[in-house]
Amino acid sequence: AAATSYDYIIVGGGTSGLVVANRLSEDSSVSVLVVEAGDSVYNNPNVTGTGAYGAAFGTSIDWAYQTIKQPYAGDLTQTIRAGKALGGTSTINGMAYTRAEDVQIDAWEAIGNQGWNWSTLFPYYLKSERFQIPINAQSAAGANWNPAYHGMNGPLTTGWTYEMMNGSMAEVLNATYQNLGISYLPDVNGGKMHGYTLFPRTVNRALDVREDAARAYYYPFESSRPNLSVMLNTYGNRIVWANATNTNSVTATGVEVTLSDGTVQTIQANKEVILSAGSLISPAILERSGVGNPTVLSRFGIPLVVNLTTVGENLQDQMNTEFIYLSNATFSGQSTFLGHPTAADLFGSNVTNVAKSVQSSLPHYAATVSEASNGTMSAAVLQKLFQLQYNIIFNNPTPIAEILVAPSGSKFITEYWALLPFARGNVHIGSANPLDRPVINPNYMMFEWDMQEQIASGKFVRKLYGTAPFTNWATGEATPGYSTLPANATDGQWAQWISSVSRSNFHPVGTAAMMPRDMGGVVDSNLVVYGTNNVRVIDASVLPLQVCGHLVSTLYAVAERASDLIKAGQV
Ligand code: FDA
């Protein structure tokens, strides 16, 4: 039978939660419990297969959260996928390993999170990583790396599978990007992401399987750490408090959970409760525990414990749009080619006008988001945050789109997304029942810039496929095709098409943002929830601003650093 008391209880055994569980349990004198709603997927071929991306979608290990109808994006409902398994979303994701632009992490400190910047986070990217050096055949297929950017001794294996695509495609695309004025970037993981590159993946090359958080941070330690426990198929419902009368510093004493047979039980936490249930659930657990906006809580009869109105606000995701091209060749192997253009690359000589127009829209954007947050985020603060984001977009060589080319059979699949929209949404509970899904509203395409960025990126995709020497291989557009979206389509036609076909990019962040409390932050720079003594959030919820990389590399690094803060007694 499971014990009923642990020093640390981590709710959510996903990407971030398992890092924290591993690092805290390095100290054999502390006991750690992970409460995970999903099951083990160690032997699930939909997870382990390095070419199986998408196979897990719609199965029992995909939460498949639904948004409400998206008012700025065709009034459609979107599915936001997330992994329901030990290992969390790292068990179903695309396995891309790309970090962030250095200025984006520096922005965390600029908004008041002391100690969080590129140079303090960088060692933690390395600490988490065990890079697998490319063999000659992989280098010939385009794999490249800068030794200064990679860790060799961490738990997480990164690199390429042996089934990389042989042949000259890497060079063809390189030459094509050069012809578009975009240079080759040998290694995307050094904090400068502009260019054309082949990124590493979270894979175990020797075993030819996906590397996920459980394979990296849990299974190798399972038998040697009696102080590390995992409860699978168990939901964390809410935090239990010692004394909820002093709402300036409440203390968590445990977590109420629902076991797989439906039994509800409280497990005691002697030191801390850590929420790592992902950016769509951690804020919901806070709200069900009485931490949040009194207006939201009172709707469901939940007694207020900490008045923190911005819980669940500040939600930022991106939208993903797909093109398919035909090829005169047939491809096998696993290689995805990445282009990261800047605003100047996408808008050319018009970039100054675009920048001016966005700059003058910032007060309007800020006021609109403030209103959409029911006034919980102040327009003045938002304008400050948006100005920072504007500076990152227009005053730095920051990529503003990710363009993927994945040759597959006799086709090229291109997914692309604008990286830095200004849209902000929210996620809140829709009932007091902890097993119910929250109400999710990312407000995709809320602003003119968000659509303008997606349209410009789409036009760039067409330009890429129309540029030599890629034109020797790409022989025509299958989707959407020029009859659906003509060469001379207006931006209105582009917007309509984009709204009707795009999906969530599955990168939701920001819903328990790390920021000063008076700016609308939910956690402080130690990731402690304001108003609590011993509750932290450690997952994608805490990122105050979206990053250009895919998320897991940064989440692993944040969780590594957060673990050190906990071990150093930082509260
Ligand atoms: P994560 O979702 O990993 O963990 C949360 C855990 O909490 C889950 O295990 C969940 O089951 C559990 N949980 C939820 N509610 C609970 C409750 N009440 N009680 C107990 N447990 C609960 N990133 C990347 O770097 N490269 C890529 O290629 C991709 N591609 C990609 C594709 C797809 C389809 C998706 C959905 C996402 C990606 N991403 C990605 C994004 C990336 O995988 C994602 O952002 C992180 O894995 C999220 O990590 P977290 O720790 O925040 O939550």
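The values are calculated or read from the model by the stated rules, or taken from the named source; none is laboratory data. Treat the numbers as computed from the prediction; the structure is a model and nothing was measured. Glycine gets a Cβ as well: all are built from the backbone with ideal geometry, and neighbour counts include every protein chain shown.
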The stretch 1-26, subset among the aliphatic types (A, V, I, L, M), within 15 Å of GLY38 (Cα to Cα) and in contact with a Ser or Thr (Cβ under 7 Å, 6 or more places away or on another chain), residue surrounded by the fewest Cβ atoms within 10 Å (Cβ to Cβ):
VAL11
Just name the residue that is farthest from the ligand (Cβ to nearest atom) out of those in the stretch 14-47 that are polar (S, T, N, Q) and under 20 Å from GLY154 (Cα atoms).
SER28
Go through (1) more than 17 Å from GLY14 (Cα to Cα); (2) under 22 Å from the mean Cα position of the chain (by Cα) one by one and return the number of the condition GLU36 breaks.
(1)
What strands (runs of 3 or more DSSP E) completely inside the stretch 111-229 contain at least 2 residues that are farther than 22 Å from PRO45 by Cα?
129-131, 195-197
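Please go through the stretch 66-85 and give me each residue that is more than 8 Å from the ligand (Cβ to nearest atom), of a type outside the set (S, T, N, Q) and assigned to a loop (DSSP other than H, G, I, E, B), ordered by number. First the steps, then the outcome.
Narrowing the stretch 66-85 to residues more than 8 Å from the ligand (Cβ to nearest atom): 66-79.
Cutting the leftovers down to of a type outside the set (S, T, N, Q) gives us 68-69, 71-76.
Scanning the stretch 66-85 gives ILE68, LYS69, PRO71, TYR72, ALA73, GLY74, ASP75.
Just checking, which of ASP39, ASP62, ASP75 is at pLDDT 95 or above, closer than 30 Å to LYS567 by Cα and among the acidic types (Asp, Glu)?
Numbers: ASP62 fails: closer than 30 Å to LYS567 by Cα; ASP75 fails: closer than 30 Å to LYS567 by Cα.
Step by step, each of ASP39, ASP62, ASP75 is checked, and only ASP39 is at pLDDT 95 or above, closer than 30 Å to LYS567 by Cα and among the acidic types (Asp, Glu).
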I need a count of the residues in the stretch 513-571 that are surrounded by fewer than 24 Cβ atoms within 10 Å (Cβ to Cβ), more than 13 Å from the chain's Cα centre (by Cα), part of a loop (DSSP other than H, G, I, E, B) and modelled with pLDDT of 95 or more.
10
Boolean, VAL439 is on the phi < 0 side of the Ramachandran plot, among the aliphatic types (A, V, I, L, M), surrounded by fewer than 22 Cβ atoms within 10 Å (Cβ to Cβ) and over 23 Å from the mean Cα position of the chain (by Cα)
no
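Restricting to the stretch 86-98, give me the number of residues that are more than 15 Å from the chain's Cα centre (by Cα) and within 6 Å of the ligand (Cβ to nearest atom).
Kept after step one, since they are more than 15 Å from the chain's Cα centre (by Cα), are these residues of the stretch 86-98: 86.
Applying the additional criterion that residues be within 6 Å of the ligand (Cβ to nearest atom) yields none.
Qualifying residue count for the region: 0.
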Would you please name the residue that is farthest from MET231 (Cα to Cα), looking only at residues in the stretch 48-65 that are buried (at least 16 other Cβ atoms within 10 Å of the Cβ) and near the ligand (Cβ under 9 Å from one of its atoms)?
TYR53
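Please find, among ASN227, ASN248, ASN237, ASN233, the residue that is in contact with a helix residue (DSSP H, G or I) (Cβ under 8 Å, 6 or more places away or on another chain) and polar (S, T, N, Q).
Working: ASN227 fails: in contact with a helix residue (DSSP H, G or I) (Cβ under 8 Å, 6 or more places away or on another chain); ASN248 fails: in contact with a helix residue (DSSP H, G or I) (Cβ under 8 Å, 6 or more places away or on another chain); ASN233 fails: in contact with a helix residue (DSSP H, G or I) (Cβ under 8 Å, 6 or more places away or on another chain).
Selected residue: ASN237, the only one of ASN227, ASN248, ASN237, ASN233 that is in contact with a helix residue (DSSP H, G or I) (Cβ under 8 Å, 6 or more places away or on another chain) and polar (S, T, N, Q).
Looking only at the stretch 231-263, count how many residues are within 13 Å of the ligand (Cβ to nearest atom) and β-branched (Val, Ile, Thr). Talk me through it step by step, then tell me what you get.
We begin by selecting, within the stretch 231-263, every residue within 13 Å of the ligand (Cβ to nearest atom); these are 231-239, 255-260.
Still in the running and β-branched (Val, Ile, Thr): 234, 239, 255, 257-258.
Number satisfying all stated conditions: 5.
So which residues in the stretch 404-436 are assigned to a strand (DSSP E or B), farther than 30 Å from GLN334 by Cα and of a type in the set (Gly, Ala, Ser), if there are any at all?
First pass over the stretch 404-436, keeping only residues assigned to a strand (DSSP E or B): 404-418, 425-428.
Checking which are farther than 30 Å from GLN334 by Cα leaves us with 425-428.
Scanning the stretch 404-436 gives a single hit, GLY425.
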Could you give every pair whose Cβ atoms fall below 6 Å, whose first residue belongs to the stretch 30-55 and is among the small types (Gly, Ala, Ser), and whose second residue is more than 14 Å from the ligand (Cβ to nearest atom) and not in a strand (DSSP E or B), counting only separations of at least 6 or pairs across chains?
SER31/ASN227
Return the pair list, or none, for Cβ contacts closer than 7 Å from residues in the stretch 224-240 that are modelled with pLDDT of 95 or more to residues that are away from the ligand (no atom under 16 Å from the Cβ) and in a loop (DSSP other than H, G, I, E, B), at least 6 apart or on different chains.
ARG225/SER25; ASN227/SER25; ASN227/SER28; ASN227/VAL30; ASN227/SER31; LEU228/SER25
For the stretch 34-60, enumerate the residues that are under 18 Å from TYR218 (Cα atoms) and in a loop (DSSP other than H, G, I, E, B).
GLU36, ALA37, GLY38, SER40, VAL41, TYR42, ASN43, ASN44
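Please pick out the residue among TYR162, TYR177, TYR219 that is buried (at least 17 other Cβ atoms within 10 Å of the Cβ), more than 15 Å from VAL552 (Cβ to Cβ) and among the hydroxyl-bearing types (Ser, Thr, Tyr).
Values: TYR162 fails: buried (at least 17 other Cβ atoms within 10 Å of the Cβ); TYR219 fails: buried (at least 17 other Cβ atoms within 10 Å of the Cβ).
Of the residues listed, the single one that is buried (at least 17 other Cβ atoms within 10 Å of the Cβ), more than 15 Å from VAL552 (Cβ to Cβ) and among the hydroxyl-bearing types (Ser, Thr, Tyr) is TYR177.
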For the stretch 59-107, how many residues are within 23 Å of MET445 (Cβ to Cβ), without any contact (Cβ under 8 Å) to a residue 40 or more places away in the chain and not hydrophobic (A, V, I, L, M, F, W, C)?
3
